[in-house]
Amino acid sequence: MATNGVNIAESRSNARIALQCSVILANGVQTSEGQVLNVSENGCLVEASVRIKPGDHLQIRLFLPDSDQSMCVSLAVVHWVLGFRFGVEFRKVDEKHRSHLNQLIGMGNDPWKLAI
């Protein structure tokens, strides 16, 4: 996928896994709900009906599947926008939340690992 002359797939530094979960976004002016479509150690793809542009700073709360806790990203930066979808890089994540995310990513899309 390319936007503004940048090939999005080529600009990723980490593999992403398919993961759908709810997300709340805040940029200091507005708050919105959306859906995470995939995630990596350093970012995610979000779909939300919010006016956003590359370079915007966000606070994000992800409601990870099979967990009663949410993951808070205190600083995320928008890298690209295409319609209602945009890619963000996680800049500040509490270590406890990062460990949980890394564990989830480590399981990948293997349903047997998720069942353990």
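Hey, rough spin-label estimate for GLU47 and GLU89, points 7 angstrom out along Cα→Cβ, what's it come to in nanometres?
Rounded to a tenth, the inter-label distance reads 2.5 nm.
What list of whole percents do you get for P(r) of the stretch 24-99, with Cα-Cα distances grouped in 5 Å bins up to the one holding the largest distance?
The percentages, shortest bin first, are 3, 16, 32, 29, 13, 6, 1.
Between ARG61 and ILE105, how many nm apart are label points set 7 Å from Cα along the C-beta direction?
Going by the 7 Å Cα→Cβ label model, 2.3 nm.
Quick one: Karplus J couplings for the stretch 72-78, per residue in order, coefficients 6.51, -1.76, 1.60, θ = phi - 60°, nearest Hz, x for Gly and Pro?
9, 10, 6, 8, 10, 10, 6
In what sequence do ASP56, ASP94 fall when counting other Cβ within 10 Å, fewest first?
Values: ASP56 19, ASP94 12.
By the 10 Å Cβ count, ascending, the order reads ASP94, ASP56.
None of the figures in this text is laboratory data; all of them are computed from the coordinates on show. Everything numeric here is computed off the predicted structure, so don't read it as measured data. With ideal geometry, Cβ positions are generated from the backbone for all residues, glycine too; neighbour counts draw on all protein chains shown.
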